[in-house]
1. What are the residues in segment 178-198 that are open to solvent by less than 20 Å² (accessible area, probe 1.4 Å), of a type outside the set (Phe, Trp, Tyr) and part of a helix (DSSP H, G or I), if any?
2. Under 8 Å between Cβ atoms, at least 6 apart or on separate chains: pull out the pairs that start in segment 42-57 with a residue that is of a type in the set (S, T, N, Q) and end on any residue that is open to solvent by 10 Å² or more (accessible area, probe 1.4 Å) and more than 10 Å from the ligand (Cβ to nearest atom).
3. Limited to segment 199-242, what total is found for residues that are assigned to a helix (DSSP H, G or I) and among the polar types (S, T, N, Q)?
4. Quick one: in segment 92-105, which of the residues that are of a type outside the set (Asp, Glu) and more than 21 Å from residue 241 (Cβ to Cβ) is farthest from the ligand (Cβ to nearest atom)?
5. In the set 214, 191, which member is without any contact (Cβ under 8 Å) to a residue 40 or more places away in the chain and more than 16 Å from the chain's Cα centre (by Cα)?
6. Here is a list: 112, 79, 147, 71. Which entry is charged (D, E, K, R) and farther than 19 Å from residue 199 by Cα?
7. Could you please find all residues in segment 160-171 being loosely packed, with under 14 Cβ neighbours inside 10 Å and touching a residue at least 12 places away in the same chain (Cβ under 8 Å)?
8. Given the options 220, 174, 226, name the one that is open to solvent by less than 70 Å² (accessible area, probe 1.4 Å) and within 26 Å of residue 117 (Cβ to Cβ).
Amino acid sequence: MSTVVTPGAASAAPGTPNRAAVRPGPLLLLGAPGVGKGTQAKELVRLWGIPQISTGDLLRGNVAQGTDLGRMAHEIMQRGELVPDSLVNEMVAARLAEPDTKNGFILDGFPRTLGQAHWVDEQLASAADALPVVAVSIKVDYNQLLRRITGRRNCPVCQRIYNIYLQSPLRDGVCDNDGATLVQRSDDTELCYEGRMRTYANLTAPVVEHYRGLGRFVEVNGDLPVAEVAAGIISAVEKLRQ
Ligand code: AMP
């Protein structure tokens, strides 16, 4: 059975289950580029102390370090296309083998194809002591997404995410936390965004339907303040884990 969370339906207020007692297990954060997967993942990491595994961040790390994977991935990422499943799956397998994933993890931006989805389903099914996966799909209107993407700026030091239209820093171009100069991702341009959205519609939208069909699925409205979206996700995951 899937759970649809509507505005106001969820609350992080006292009276909700004891968070320390909730074992979040594996969570998938799904949704088009710019819906706020990364921002929401950071809220969940703070609450549950499980790691965020962002395949986009891992790939950008490889690009920055000039690894073989990074060299292969760079141009593909610039075109808004997807890096081949075999490479991404291998990268995720290595990350999931690390001990900090024991109580759960948040996969942010993975799986993005049905091939990746079937692969991760198999991996989790064969893992000892693993809880079944919960998938969270975040939905936001297209025009909102465009503003979110083209306005997005990142702090390279603390990784805080700003938006020049919606959540600007106190001083233009400077991180409030550490004074670092904010940067724009090279694929956060309007042109590249169109390609990323096409890729999403063709290859990733079917992944959302796959998990909707499996149950343990939550769809949230991402067009709300960050804390409200997070509260909706948290309350739905807690119910599914009871
Ligand atoms: P993101 O930061 O999640 O928006 O990802 C940035 C880019 O990295 C995407 O546009 C893809 O080119 C690549 N990428 C990230 N995750 C995946 C994935 N699961 N499969 C294939 N390519 C990915």
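1. 192, 195
2. The qualifying pairs are 52/42; 52/45; 52/105.
3. Looking only at that region, the number is 4.
4. 99
5. 191
6. 71
7. 165, 166
8. 220
The values are calculated or read from the model by the stated rules, or taken from the named source; none is laboratory data. All of these numbers come straight from a predicted model, not from anything done at the bench. So basically every Cβ, Gly included, is an ideal-geometry build from the backbone, and we count neighbours across all protein chains shown. Only protein heavy atoms, including side chains, enter the accessible area calculation; ligands, DNA and RNA are left aside. Shrake-Rupley method; radii C 1.70, N 1.55, O 1.52, S 1.80 Å.
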